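Participant: Supplied in structure tokens, the structure appears directly below.
Only the coordinates and a few stated rules stand behind these numbers; no lab work does. Since this is a predicted model, take the numbers as computed values, not measurements. We place every Cβ from the backbone using ideal geometry, glycine too, and count neighbours over all the protein chains shown.
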Amino acid sequence: MTKEAELTNRNNLTSTGQEPRTSRITCLPDVNIFTKSDETILEADMPGVNESSVEVMLDNDILTVKGTQIIDVPDGFIPVRGEFAPTEFTRRFEVSHDIDRNRITANVRNGVLRVVLPKGEHAKPKKIAISTN
Amino acid sequence: MSIKDLIIRKNRNETPARRFEDNSLFSFQRDMNNLFDNFFRGFELAPFEGLKGPAVASFNPNINVSETEKEVHISAELPGMDEKDISVEVDKDTLTIKGEKKEEHEEKGKNWHRVEQSYGSFHRTILLPAKVDINKAKAKFKKGILSVTIQKTEDEQKKKKAVEITTE
């Protein structure tokens, strides 16, 4: 259904040299992908991402999900120990032909991006009427 | 025994409610996985996918700690959780975050293609950089990130004192 386009986003996404380099680190979000009746659902763990800092883009068959983590640490705090740095989540997937491109929807809740990819009418089984001569 | 379990806990009867706590091999493997993940995260590289088997992928949130002279701030990554499933406890100099990230895999009619998100109960106790006033703690949960701000005790705030420098 939805195959992963690139496992390493490093060569394809960050080496363009167009984006200014920041101290953010790029990482692949953990995803769950499943199909339910007529739709494929992709869920990506992106803690600290909200509606305005997430981006879902479809270019030909490549679906790119991107999210910028915003951590509200008040000013003046000095880090003591850290297990995560401000992260840019990026991952790309190949969308198969049976997905209806125009009906893809996405939402963010509690740091999880959910993309719903419905199956198009063209991909559903159809009964062909038999004509009599 | 997990490396993280070595952190001093005030209440010694409390053991981390991790799924594979009894299996030292699993917890060691998880720590090694975390080590690799963190290492590669820093180099803008993807972690080794193959190392994260579903059996060891119990949920373990990342935690950041920062401080000012008066307060301690803790943030934890808890994607996909609801505030009602999280509990935060503050002791004199420790903070415990407990909770359960529920699995919805039982739902019928789902055909799975990829499962990377981890689930399960977690329990993390961290040592705070200073003694804190347990009555002055604030916690909020937003966008999958838990932030806790706690005021340091008066004594702790007074600890640091600028030393006057005189010239002769």
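Participant: If we count other beta carbons within 10 Å of each Cβ, what is the order of A:ASP59, B:ASP133, A:ASP72, fewest first?
Facilitator: Fewest-to-most ranking of A:ASP59, B:ASP133, A:ASP72: A:ASP59, A:ASP72, B:ASP133.
Participant: Out of the range B:65-125, which trypsin sites (Lys or Arg not before Pro) are coil in DSSP terms and have no more than 16 other C-beta atoms within 10 Å?
Facilitator: Numbers: sites: B:LYS70, B:LYS84, B:LYS92, B:LYS98, B:LYS101, B:LYS102, B:LYS108, B:LYS110, B:ARG114, B:ARG124; in loops: B:LYS70, B:LYS92, B:LYS102, B:LYS108.
Answer by residue number: B:LYS70, B:LYS92, B:LYS102, B:LYS108.
Participant: According to a simple spin-label model (label point 7 Å from Cα along Cα-to-Cβ), what is the distance in nm between A:ASN133 and B:GLU69?
Facilitator: 10.0 nm
Participant: Other chains near B:136-146: what is the mean number of their Cβ atoms within 10 Å of each residue's Cβ?
Facilitator: Going residue by residue through B:136-146 and averaging, the value is 4.
Participant: Related question: Over all alpha-carbon pairs of the range A:31-110, lay out the pair-distance distribution in 10 Å bins, whole %, shortest bin first.
Facilitator: Histogramming the range A:31-110 at 10 Å steps yields 14, 43, 26, 11, 5, 0 percent.
Participant: Now for a separate question. For the range A:61-73, just list the computed ³J(HN,Hα) in residue order, Karplus coefficients 6.51, -1.76 and 1.60, θ = phi - 60°, integers in Hz, with x standing in for Gly and Pro.
Facilitator: Residue by residue, the range A:61-73 yields 9, 9, 9, 10, 10, 9, x, 10, 6, 10, 10, 8, 8 Hz.
Participant: On a 24 Å Cα-Cα criterion, which of the cross-link pairs B:LYS84/B:LYS142; B:LYS70/B:LYS140; A:LYS66/B:LYS143; A:LYS36/B:LYS143; B:LYS98/B:LYS140 come out too long?
Facilitator: A:LYS36/B:LYS143
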